[in-house]
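The values are calculated or read from the model by the stated rules, or taken from the named source; none is laboratory data. Owing to the predicted nature of the structure, the values given are computational and were not obtained by experimental measurement. Cβ placement follows ideal geometry from the backbone for every residue including glycine, while neighbour counts extend to all protein chains displayed. The protein model used for the area step is the full one, side chains on, heavy atoms only, and it has no ligands, DNA or RNA in it. Shrake-Rupley method; radii C 1.70, N 1.55, O 1.52, S 1.80 Å.
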Amino acid sequence: MAMRKKERKLVVTFHTTADAMAMEKACREKDAPGRLIPVPREISAGCGLAWCAPLSCRETLIGLMEEQGIEREELHECMLR
């Protein structure tokens, strides 16, 4: 079985599930890349969901969160498949 190659990704964590869901909705409306993923408590003691996207989208996603009033917990760079 072939494993997918790990890549460095941007992971945005949230304090609340409402903010994670707002991020998903805003990104779909603006055609911004990424997806919601579950995250372990070591990364986020918040809602347990994070937005995962290519590193190249950092500024776009930060601007989108500011525009939409979405509160983030932290930005991480992680190796993910």
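Observations on the model:
- Selection of segment 1-17 for residues being open to solvent by 20 Å² or more (accessible area, probe 1.4 Å) and in contact (Cβ under 8 Å) with a residue 24 or more places away in the chain yields Met3, Arg4, Lys5, Lys6, Glu7, Arg8, Lys9, His15, Thr16, Thr17.
- If you filter segment 30-49 down to residues that are in contact with a helix residue (DSSP H, G or I) (Cβ under 9 Å, 6 or more places away or on another chain) and of a type in the set (D, E, K, R), you find that the one that is nearest to Leu61 (Cα to Cα) is Lys30.
- Among the residues making up segment 42-60, those that are more than 15 Å from Lys25 (Cα to Cα) and either touching a residue at least 60 places away in the same chain (Cβ under 8 Å) or of a type in the set (A, V, I, L, M) (or both) are Ile43, Ala45, Leu55.
- Once segment 40-56 is narrowed to residues that are farther than 17 Å from Lys9 by Cβ and not small (Gly, Ala, Ser), the residue that is most open to solvent (accessible area, probe 1.4 Å) is Arg41.
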